[in-house]
1. Any residue that is on the phi > 0 side of the Ramachandran plot, touching a residue at least 40 places away in the same chain (Cβ under 8 Å) and surrounded by 14 or more Cβ atoms within 10 Å (Cβ to Cβ) - is there at least one of those in the stretch 284-296?
2. Given the criterion farther than 28 Å from K284 by Cα, of a type in the set (V, I, T), modelled with pLDDT of 90 or more and assigned by TED's automatic domain parsing to the domain that holds S195, identify the matching residue among V63, V43, V56.
3. Answer with yes or no whether S195 is among the hydroxyl-bearing types (S, T, Y), surrounded by 15 or more Cβ atoms within 10 Å (Cβ to Cβ) and either farther than 28 Å from L135 by Cβ or in contact (Cβ under 8 Å) with a residue 12 or more places away in the chain (or both).
4. Return yes or no: is F214 aromatic (F, W, Y) and within 24 Å of K318 (Cβ to Cβ)?
5. Here are some conditions: (1) under 19 Å from R68 (Cα atoms); (2) surrounded by fewer than 16 Cβ atoms within 10 Å (Cβ to Cβ); (3) touching a residue at least 24 places away in the same chain (Cβ under 8 Å). E208 meets all but one. Which one does it not meet?
6. Of all the residues that make up the stretch 163-190, how many are of a type in the set (A, V, I, L, M, F, W, C) and at pLDDT 95 or above?
7. Find all pairs meeting these conditions: Cβ atoms under 6 angstrom apart; at least six residues apart or on different chains; first residue within the stretch 177-188 and surrounded by 14 or more Cβ atoms within 10 Å (Cβ to Cβ); second residue charged (D, E, K, R).
8. When you scan the stretch 1-117 for helices (runs of 4 or more DSSP H) that lie fully inside it, which ones turn up with 1 or more residues that are surrounded by 20 or more Cβ atoms within 10 Å (Cβ to Cβ) and among the basic types (K, R)?
Amino acid sequence: MSQITSLYVYKVAGQASPGVETRDLIRELGLPVDGPIDPTQMVSSAAYYGFFAELVDRDPDGVVLPLRIGAAMRSDEYGAFGLAWKSAPTLRGSFTRAERYGHVLGSAETYSLEKTEEGFLFNLEKAGDGSRGMLLSNEASMSAVTTISEEVSASRFVPMAIYFKHAPLGNTSVYESYFGCPVHFESGRDAMLVSNESIDTPNKLGDESIARFFDQHLELQLNSLKGDTELQQQVRRAVANVLSEGVPKLSRIASELKMGARTLQRRLSEQGYSFQTIVDMAQKDLAQRLLRETDYSLAEVAFLTGFAEQSGFTRAFKRWAGQTPRSYRLRAR
């Protein structure tokens, strides 16, 4: 089952407008109403998304609730992860730690850092069904990342741009006023664009030796959680290995992993994934790597990633990355 840290539950509830009842929603998640808050205690991501959507419906200022939640976050509240984020020498170090250790805050969220022509994209991939609560959660996550980046950077931090896959849930000017930069909806990604200068600006309390200390602690935490993420990664690798033969059926991948097709489907569903979602992830990862690192023609990249026609590949890539394969290749080099 895909999970997410209970810290987010308390932060969401804590930012509700005065008079909005939250205690019953917290109890429904099986959490104590008055804490204590333990970032290592998890809740099901599906239940969290439902909680988030319900609270936004109750709150008269619900549309801006995700932004308020993110603005209230502080790195110390994330436990060892937050301390590693804060003590990293630069924001690049903070982002790479999120990329490596983000799953200690739950298996639902995966972060990655991507070099582009304009700067660096800090990408968020979240397991789920695209429900309204999940979209609200994505907004809160981007808001929180912006806030804790501002908190730790020694220079004034402002993103170059924010990207969301979904359509705006409110007035776009509200988002741009909050983030202080252009905000692009229906862009094919959930991400924050950071300048080359900002990413290598020293952090206020950056200390490599302290960061390494917390890295060791996070490695132990991560190892204890690997069972939750290994299956998704195994399926993704198995899919990527055979994409040049066309998109594989679930039954073939299940056979390679020595389990029944229904068992694989059930276990993926418990972790918040569908087989098609993982196929998309594998195709996207492979396509981006081939476009960045090889000189294969676009038709060859399409074939190697499981597409019968280049036109289908181009449409899918625009959905994944918000740009054409040709534009991505030019910007990545």
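The values are calculated or read from the model by the stated rules, or taken from the named source; none is laboratory data. What you see is a predicted model, and the numbers here were worked out from it, not measured in a lab. All Cβ positions, glycine included, derive from the backbone under ideal geometry; neighbour counts span all protein chains shown.
1. No: zero hits.
2. Within the list V63, V43, V56, the selection yields V56.
3. Yes.
4. Judged against the criteria, F214 is not a match.
5. That leaves (1) as the condition not met.
6. Of the residues in the stretch 163-190, 3 are of a type in the set (A, V, I, L, M, F, W, C) and at pLDDT 95 or above.
7. V183/E176; G188/R319
8. Values: elements: 7-14, 23-28, 45-58, 65-72, 80-87, 91-101.
Once the helices (runs of 4 or more DSSP H) in the stretch 1-117 are filtered for at least 1 residues that are surrounded by 20 or more Cβ atoms within 10 Å (Cβ to Cβ) and among the basic types (K, R), what remains is 7-14, 80-87, 91-101.
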